[in-house]
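First comes the structure, then the notes that go with it.
The values are calculated or read from the model by the stated rules, or taken from the named source; none is laboratory data. The structure presented is a predicted model; accordingly, all values stated were derived computationally and were not measured. Cβ placement follows ideal geometry from the backbone for every residue including glycine, while neighbour counts extend to all protein chains displayed. Note: areas computed on protein heavy atoms with side chains; ligands, DNA, RNA excluded. Shrake-Rupley method; radii C 1.70, N 1.55, O 1.52, S 1.80 Å.
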Amino acid sequence: MTSVVDQGNGIDPDEQHLIFDELYRGKDHRQMVQGTGMGLSIARTIVEAHGGSLSVISERGCGSVFSFTLPIDPQFIPS
């Protein structure tokens, strides 16, 4: 598992299940931050296309932890 941690404002619990949806932009950042709302959707699509998963754990006022896993191909595991 690989994780990225930030110490930002965190993500509202009501929005956490929406942030990976295509074109979704958080209600607190729609006007403040430029973007299309595609980044997390694209990231999840790529990770899942490779057999992995992408998730978030977040608490308002404490930041977020985004984590992803990818399967390991047995042919690349040293013997």
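How much net charge surrounds Arg44 when only other residues with a Cβ under 11 Å from its Cβ are counted (Lys, Arg +1; Asp, Glu -1)? Residues close to Arg44 contribute a combined charge of -3. As I understand it, the value is the acute angle between the Cα axis of helix 39-49 and the longest principal axis of the Cα atoms of the chain; what does it come to in degrees, rounded to 10? Value to nearest ten degrees: 20. One quarter of the surface of the convex hull around the alpha-carbon atoms of the chain equals 6.2 nm², the direction-averaged projected area. Taking a Cβ cut-off of under 15 Å around Ser55, the surrounding Lys, Arg, Asp and Glu residues balance to a net charge of -4, with basic ones at +1 and acidic ones at -1. Phi angles across segment 15-25 convert, under the Karplus curve 6.51 cos²θ - 1.76 cosθ + 1.60 with θ = phi - 60°, into 3J(HN,Hα) values of 9, 4, 7, 9, 5, 8, 6, 4, 6, 7, 10 Hz, Gly and Pro given as x.
Placing +1 on the Cβ of every Lys and Arg and -1 on the Cβ of every Asp and Glu, with no other charges, gives the chain a dipole of roughly 140 debye about its Cα centre.
The apolar share of the surface of the chain, taken as the fraction of accessible area on carbon and sulfur atoms (1.4 Å probe, ligands and nucleic acids excluded), comes to 57 percent. Working note: 222 nm ellipticity from helices only, DSSP H runs with n ≥ 4, each -39,500 (n - 2.57), summed and divided by the residues of the chain, gives -4000 deg cm²/dmol to the nearest 500. Short-range pairs are left out: with C-alpha atoms under 8 Å and at least six residues apart, the relative contact order of the chain is 42 percent.
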